[in-house]
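This report refers to the structure that appears directly beneath it.
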Amino acid sequence: DAGVTQSPTHLIKTRGQQVTLRCSPKSGHDTVSWYQQALGQGPQFIFQYYEEEERQRGNFPDRFSGHQFPNYSSELNVNALLLGDSALYLCASSLAGVAYGYTFGSGTRLTVV
Amino acid sequence: TQLLEQSPQFLSIQEGENLTVYCNSSSVFSSLQWYRQEPGEGPVLLVTVVTGGEVKKLKRLTFQFGDARKDSSLHITAAQPGDTGLYLCAGARDNQGGKLIFGQGTELSVKP
């Protein structure tokens, strides 16, 4: 039973560029949430997708956007990258309507230079 | 604004010692979860507490949810080097699988 899969594992981008991160949820899960974790900090909620729609959003600018596909996989897009966007981006999957049982992926380490 | 305050932020102890990590908030949460995260990995769920005053044990780890569901603690008995890692508490405001609000984490180092 595969857990949450994220790709790529590491990425280096230049300031101003755009990046796309990918997530495949755990088998049986239909909801995907994205979190940003800066070094030495706890994860911060970016947004959550269910039924291919953004359901909740944290305090992140519109440069952060996402998408969920019919197979429940998801993408996180960040435009006009800033140095401060350097962080570990985590994807968590869950089953809609179930408060517990979040499963996190290993994350994508994004470095903006 | 940090809705969940964890303390201490760093803890370095010797093998065999006991420790307690605290997670405090002025807000009420419907549930609170504790995670452990190792470098280069995502957080791994340890426990979820949902009822005020609830106590859960996981081997040498004891988790407690405050009566008012605003705070929680994690107590580790006889710490081992394998307990080393980042411990995160995370609160949920609803029971619909919504967003988690994380504390800033407690970096634990257990030396042999």
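Numerical summary
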{"item": "Where the stretch A:5-112 is the region considered: accessible area per residue in Å², 1.4 Å probe", "result": "45"}
{"item": "Quotient of C-alpha Rg and 2.2 N^0.38 Å, computed over the protein assembly as shown", "result": "1.01"}
{"item": "Inter-probe distance in nm under a simple model that places probes 7 Å from Cα toward Cβ, at A:Val113 and A:Thr14", "result": "1.1"}
{"item": "R0 of 35 Å, Cβ-Cβ distance B:Ala68-A:Arg22: FRET efficiency to nearest 0.05", "result": "0.30"}
{"item": "Inter-chain shielding of B:34-43 (mean C-beta neighbours from other protein chains, 10 Å cut-off)", "result": "5"}
{"item": "Average beta-carbon neighbours from other chains, 10 Å sphere, peptide B:23-33", "result": "1"}
{"item": "Residues A:Asp30 and B:Lys111, FRET efficiency given R0 of 30 Å [Cβ-Cβ distance, rounded to 0.05]", "result": "0.10"}
{"item": "Of B:Lys56/B:Lys99; A:Lys13/B:Lys57; B:Lys57/B:Lys99; A:Lys26/B:Lys57; A:Lys26/B:Lys111, pairs whose Cα-Cα distance is over 32 Å", "result": "A:Lys13/B:Lys57; A:Lys26/B:Lys111"}
{"item": "Leading residue at positive end of dipole, the stretch B:5-111 (Cβ point charges), from B:Gly105, B:Thr51, B:Val21", "result": "B:Thr51"}
{"item": "Threshold 10 Å², the stretch A:16-63 residues less accessible with all protein chains present than alone (1.4 Å probe)", "result": "A:Tyr35, A:Gln37, A:Gly40, A:Gln41, A:Gly42, A:Pro43, A:Gln44, A:Phe45, A:Gln48, A:Gln56"}
{"item": "Of B:Ala79, A:Asn71, A:Cys23, farthest towards positive along the dipole that unit charges on Lys, Arg, Asp, Glu beta carbons give the protein assembly as shown", "result": "B:Ala79"}
{"item": "Percent RCO, i.e. relative contact order, over chain B, from Cα pairs under 8 Å lying at least 6 residues apart", "result": "36"}
{"item": "Förster radius 41 Å - calculated FRET efficiency between B:Asn18 and A:Leu39 (Cβ-Cβ, nearest 0.05)", "result": "0.90"}
{"item": "Of all accessible heavy-atom area on the stretch A:5-112, the percent that carbon and sulfur account for (1.4 Å)", "result": "48"}
{"item": "Sorted peptide list for B:6-12, A:25-31, criterion being average Cβ within 10 angstrom, highest first", "result": "A:25-31, B:6-12"}
{"item": "Karplus 3J(HN,Hα) series, Hz, for the stretch B:8-19 with 6.51 cos²θ - 1.76 cosθ + 1.60 (x for Gly, Pro)", "result": "x, 7, 9, 8, 10, 9, 8, 3, x, 6, 9, 8"}
{"item": "Summed buried accessible area for A+B [probe radius 1.4 Å, Å², rounded to 100]", "result": "1700"}
{"item": "Cα centre as origin, Lys/Arg/Asp/Glu Cβ charges: the protein assembly as shown dipole, Debye", "result": "200"}
{"item": "Part-to-part distance (alpha-carbon centres) for the stretch B:40-60 and the stretch B:69-112, which is given in Å", "result": "8"}
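The values are calculated or read from the model by the stated rules, or taken from the named source; none is laboratory data. Every value quoted in this text rests on a predicted model; they were computed, and no experiment measured them. Virtual Cβ from ideal backbone geometry, glycine too; neighbours counted across all protein chains shown. Note: accessible area is taken over every heavy atom of the protein model, side chains too, but ligands, DNA and RNA are not part of it. Shrake-Rupley method; radii C 1.70, N 1.55, O 1.52, S 1.80 Å.
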